[in-house]
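The values are calculated or read from the model by the stated rules, or taken from the named source; none is laboratory data. Note that the coordinates shown come from a computational prediction; the quantities given were computed from them, not determined experimentally. Reconstructed Cβ throughout: ideal geometry from the backbone, glycine too, with neighbour counts over all protein chains shown. Quick note on the areas: whole protein, heavy atoms, side chains included, nothing else; ligands and nucleic acids left out. Shrake-Rupley method; radii C 1.70, N 1.55, O 1.52, S 1.80 Å.
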Amino acid sequence: MSESKESPGTNAVEVRSLTRTFGIRKALNDVTFDLPAGAFLSVFGPNGAGKTTLVKVLTTLMAPSKGTARVAGMDVVADAVELRSHIGLISHNPLLYPDLSAAENLEFFAEMYGVPDASTRVRELLEAVELDHRRLDLVRTFSRGMLQRLSIARALLHRPEVLFLDEPYSGLDPHAVDILDNLIAQIRADHTFVMISHDLAKGLSLCTHTLIMARGRVVLAEEISAVKRDEFAQLYRSTVGMGVA
Amino acid sequence: MAGTHANPRGLSVRQFKAILKKDIVMELRTKEMITSMGIYALLTMVIYQIALSQAGTAFDPRNIAAGLLWLAFVFTSMLGLNRSLVHEKDQGCLEALLLSPVDRPVIFFAKATGNLIFLLIVQALTIPVFAFLFLQQGTYAGDLWMIPLVLTMGSIGIAGVGTLLATMSVNTKGKDFVLAVLFVPIMYPLLLAAVSATTAAVLGGDGYVQQFWSGMGLMAAFDAIMLLAAFALYEFIVGA
Amino acid sequence: MSVGEKRFLGLGLYTWIYITLGLAAVLTTAALTMTFFFTPVVLADTVVDELRVIGGVPIQNQLLFSQKIFYFHVPVAMSSFLVFIFTALNGVRFLIKKEKIYDTKARIATEVTLLFVLLTMATGILWTRYEWGTWWVWEPRLTTYFILTLMVIGYFVLRNSIDDEERRATYAAAFGIIAFINAPISFAITRLVPSSAHPVVFRAGGGLISSQLIAFFLGMAGMLLFAWSVYQIRLREQDITDRVEVAKAALEE
């Protein structure tokens, strides 16, 4: 296993000249940025900007063509298997099996991650996302908001250090948005977040750091305090340009 | 892409069991694969009846029984294979599996084992029906114990290569059609040997034991080579 | 980098393509000429000089094409398999390196394979007609090529049903490898499985005399050069298309 884990307080994500090409298409083009542990990064950009590719590389689902990336102190290529135990993904897709119950879904993924004392952990998380009363019901019968809560529980099963959020708010009704906001607030303190979002206002309200991408390149990487929030939308439009936003 | 650290064997076994158990629980709950495959097999029987309706009384269906059986299995298994991967694809669950610290071959072997079990169940249900409908006249001349052996040997190849091909076809535009186009030619040698061995088991006759075992040997060789290839290629396919 | 800029022995690649194409034409023509004018007809290892009845049709020895088509059929068949090796090889290289050029090479190799397996099937059917008196026999070699043809068609069906470029390349590479492994297995199993309907016809290969051998090797060399030229020409064409795409993309920036 990886011996050189960096001490807390250093960067949770370190990306250096990350490039991902196929043929003439450059999904990622020389992307470099750092994210300190405990931060919340919002990644903005028009469709095809490379946001999804960036998350796929950082979550080890895709190998970079050039450059390096380290997440939680581990290299996304060399330490891929080990790294997977330290990251979680909350996507707009629930990533749950509709024909299994809530508890069965969590138990299944707990096995996949080798979580010790799985049943206790599952119960604890079901309580945390307030789905304990529905634990034996098939996921097929869940509402969009309940699915999203359960998928957060799934992402937290193995106590990941870095959480990736891929448009987690898309398709949620206002009530479900509130619940998701609350849940994120609860776990905010002990996790690093990387979120892809189309929603400028939502992304800005949560983040400490921001990254704007266009055509595979980083257009802007700033700590949010350096940017005035109300000027940000204007800045986004001018940097991304061409009316794509 | 492979990490340099492989998982401890204990975890891989746990993951293998978890995936297999999940597939079985889901199948027991929905009975989706087994019922659809079973009904499909029954429909094939009806079509056989039509095909044989003008063959005359002198024609002994036992001569082509093995071929008819494997034909039914080929089509039903394509149906089932497609289903088993659609489950993983639908809600992005495959992505969730890939995000977990699992060695990709574990996913392959677990899915293939699940498919193998379902194929064998459907076959076990189909064969008595087939025998009841078509093999009433004439005596059974071969050895009955050969049948489960040859079915298992054939199904291992079908489930193994089929799981790989279905993982691809499920991500294409014409899912079922693409699977058929890829699956049938690749399965050709296996099926040829399977029909030969099964015919020996059904008909008996001169040197049938030898014909059976030579067919089994060829099937075993196909299974070994193709499973090895599928095992090596699965990591690339499932991550693409 | 342009593939066309590579040089060998001071000559550009295009020059080499013209040379091999010309050489291929000369060699195959020479082989065919030899076949028809200088090689004797042999049937069942004896030279035929009387009237034969094949498939109910009396055929004079001058018309016994089975020997003649052999010099075309076998080189085409062997070339198609040799080119298919490139599909698998470039597939492996693609999976390791993930560079698009290997996918392009594999695809073009498969295109050439398709051309050659179709030619093989056509000549094979003619051969079957004159040798055994029917248009089609499920004979191991023909069957194997039939399966090979289906796999090559499957390769392109698979490609056409995937939009994502990289996924298409990955799946195609994997299927190309599987199909390549499967081809010899098919051949072995069609031979080894006892078949009641069509006893396998083994042709003893020992009886080739020197004029036949020369014609055969000329044909073989010509066909391989032809395959290589077609492959290179398609690769060039693809290279030019790709460069146009790069230029377009650069203009858009």
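Give me a count of the residues in segment B:214-233 that are of a type in the set (F, W, Y) and facing chain C (nearest Cβ under 9 Å). Matching residues across segment B:214-233 total 1.
Within segment B:168-179, the set of residues being more than 9 Å from chain C (Cβ to nearest Cβ) and in a helix (DSSP H, G or I) comprises B:D176, B:L179. Of all residues in segment C:166-212, those that are out of contact with any strand residue (DSSP E or B) (no Cβ under 9 Å at 6 or more places or on another chain), modelled with pLDDT under 95 and aliphatic (A, V, I, L, M) total 10.
Contact map, segment B:83-101: residues that are more than 7 Å from chain A (Cβ to nearest Cβ) and within 29 Å of A:M74 (Cα to Cα) paired with residues that are open to solvent by 10 Å² or more (accessible area, probe 1.4 Å) and assigned to a helix (DSSP H, G or I), Cβ distance under 6 Å, separation 6+ or inter-chain. Pairs shown: B:E88/B:L94.
On the stretch given as segment A:93-108, residues that are within 10 Å of chain B (Cβ to nearest Cβ) and either open to solvent by 30 Å² or more (accessible area, probe 1.4 Å) or over 18 Å from the mean Cα position of the chain (by Cα) (or both) total 10.
Just to verify a result, which residue in segment B:4-43, among those that are more than 12 Å from chain A (Cβ to nearest Cβ) and in contact with a Leu (Cβ under 7 Å, 6 or more places away or on another chain), is most open to solvent (accessible area, probe 1.4 Å)? In this case the residue turns out to be B:Y40.
With the condition kept exactly as written, say whether any residue in segment B:138-158 is at the interface with chain C (Cβ under 9 Å from one of its Cβ atoms), open to solvent by 30 Å² or more (accessible area, probe 1.4 Å), more than 30 Å from C:G91 (Cβ to Cβ) and in contact (Cβ under 8 Å) with a residue 60 or more places away in the chain. The answer is no; no qualifying residue exists.
Residues that are touching a strand residue (DSSP E or B) at 6+ places or on another chain (Cβ under 8 Å), in a helix (DSSP H, G or I), facing another protein chain (nearest Cβ under 8 Å) and at pLDDT 80 or above do occur in segment C:142-165, at least one of them.
With respect to the conditions (1) among the β-branched types (V, I, T); (2) more than 12 Å from every other protein chain (Cβ to nearest Cβ); (3) open to solvent by less than 20 Å² (accessible area, probe 1.4 Å), B:T57 lacks only one, and its number is (3). Taking the criterion of being crowded, with 22+ Cβ neighbours inside 10 Å and over 16 Å from A:A103 (Cβ atoms), the only residue of segment A:129-154 that qualifies is A:Q148.
Of all the residues in segment A:5-25, those that are modelled with pLDDT under 85 and under 23 Å from C:D103 (Cα atoms) number 3. The residues of segment C:176-196 that are free of Cβ contacts under 8 Å to residues at least 24 places away in the same chain and either surrounded by fewer than 18 Cβ atoms within 10 Å (Cβ to Cβ) or closer than 19 Å to B:F183 by Cβ (or both), listed by number, are C:I178, C:P184, C:I185, C:A188, C:I189, C:P194, C:S196.
Restricted to strands (runs of 3 or more DSSP E) entirely inside segment A:158-245, those with at least 1 residues that are at pLDDT below 90 are A:209-214, A:217-223. Taken as a whole, the condition of being touching an Asp or Glu at 6+ places or on another chain (Cβ under 7 Å), assigned to a helix (DSSP H, G or I) and more than 9 Å from chain A (Cβ to nearest Cβ) applies to B:F118.
Residue count for segment A:148-161 satisfying the condition of being within 12 Å of another protein chain (Cβ to nearest Cβ) and within 9 Å of A:G88 (Cα to Cα): 5. Looking across segment A:75-92 at every residue that is free of Cβ contacts under 8 Å to residues at least 60 places away in the same chain and part of a loop (DSSP other than H, G, I, E, B), the one that is surrounded by the most Cβ atoms within 10 Å (Cβ to Cβ) is identified as A:V76. Please specify each residue of segment A:109-138 satisfying the condition of being assigned to a helix (DSSP H, G or I), within 14 Å of chain B (Cβ to nearest Cβ) and more than 22 Å from the chain's Cα centre (by Cα). A:A118, A:S119 - these are the residues of segment A:109-138 that are assigned to a helix (DSSP H, G or I), within 14 Å of chain B (Cβ to nearest Cβ) and more than 22 Å from the chain's Cα centre (by Cα).
Counting residues in segment C:116-130 that are more than 21 Å from B:L233 (Cα to Cα), over 16 Å from the mean Cα position of the chain (by Cα), facing another protein chain (nearest Cβ under 8 Å) and surrounded by fewer than 19 Cβ atoms within 10 Å (Cβ to Cβ) gives zero.
Scanning segment C:98-109 turns up at least one residue that is hydrophobic (A, V, I, L, M, F, W, C) and more than 14 Å from every other protein chain (Cβ to nearest Cβ).
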